[in-house]
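The values are calculated or read from the model by the stated rules, or taken from the named source; none is laboratory data. Since the structure is predicted, the reported quantities are computational estimates derived from the model, not experimental observations. Cβ placement follows ideal geometry from the backbone for every residue including glycine, while neighbour counts extend to all protein chains displayed. Each accessible area value is taken on the protein alone, full model and side chains, heavy atoms only, with ligands, DNA and RNA left out. Shrake-Rupley method; radii C 1.70, N 1.55, O 1.52, S 1.80 Å.
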Amino acid sequence: MSKTTRIDTSNVSGLEPTDYIPVDGIKSGTPNEHGRSFYADQTGQFDAGYWQCDVNKHHIAASPYDEFVYLLEGEIDVIHDDGSTESYKTGDSFIMPRDCDCTWDVKAPVRKLYVVLTADAYKG
């Protein structure tokens with residue numbers, strides 16, 4: 001039997017250190033990232049959870065997944081490979097498509113909800 005999964009963002013516990021930001025992609029700051037998956041499908045290709053990090057600037061080269069982001073807290077400038085910049089703050093949401101090549105300039109500590117669909121899901 002399937003049931004809905006509540007995501008309580010007022011009291012997120014059970015956070016684990018994560019390494020989503022590659023060390024060689026860090027341009028400044030110390031991300032100190034932590035997160036928790038609240039749901040992953042049977043294939044492991046769909047994942048929804050919570051993630052947080054401290055102020056930093058990091059490059060994401062050709063993201064291997066599509067990601068929906070909802071910022072619970074924080075401020076990010078996303079600098080695209082063409083030099084254009086999009087700014088996001090608490091309450092904003094955005095899609096980061098697969099193969100996105102960009103730099104995240106995290107200006108204030110971030111807490112986000114995410115939903116990720118891996119590139120492998122497209123091979124199905």
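Odds and ends about this structure:
- For the range 80-107, the set of residues classified as part of a strand (DSSP E or B) and of a type outside the set (S, T, Y) consists of H80, E86, K89, F94, I95, M96, C102, W104, D105, V106, K107, listed by residue number.
- V55 passes every criterion in (1) open to solvent by 60 Å² or more (accessible area, probe 1.4 Å); (2) modelled with pLDDT of 95 or more; (3) out of contact with any Gly (no Cβ under 6 Å at 6 or more places or on another chain) apart from (3).
- In the range 1-52, the residues that are of a type in the set (G, A, S) and touching a strand residue (DSSP E or B) at 6+ places or on another chain (Cβ under 7 Å): G14, G25, S28, G29, G35, S37, A40, A48, G49
- Among residues of the range 36-54 that are charged (D, E, K, R), those with a Cβ under 6 angstrom from a residue that is open to solvent by 60 Å² or more (accessible area, probe 1.4 Å) and part of a loop (DSSP other than H, G, I, E, B), sequence gap 6+ or separate chain, pair up as D54/N32.
- Any hit, the range 67-83, residues being of a type outside the set (K, R), at positive phi, over 11 Å from the mean Cα position of the chain (by Cα) and buried (at least 16 other Cβ atoms within 10 Å of the Cβ): yes
- Just one of the numbered conditions (1) of a type outside the set (S, T, Y); (2) open to solvent by less than 40 Å² (accessible area, probe 1.4 Å); (3) under 22 Å from P97 (Cβ atoms); (4) touching a Phe, Trp or Tyr at 6+ places or on another chain (Cβ under 8 Å) is not true of F38: (3).
- Filter result (within 16 Å of the chain's Cα centre (by Cα), polar (S, T, N, Q) and assigned to a strand (DSSP E or B)) within the range 1-54: S37, Q52
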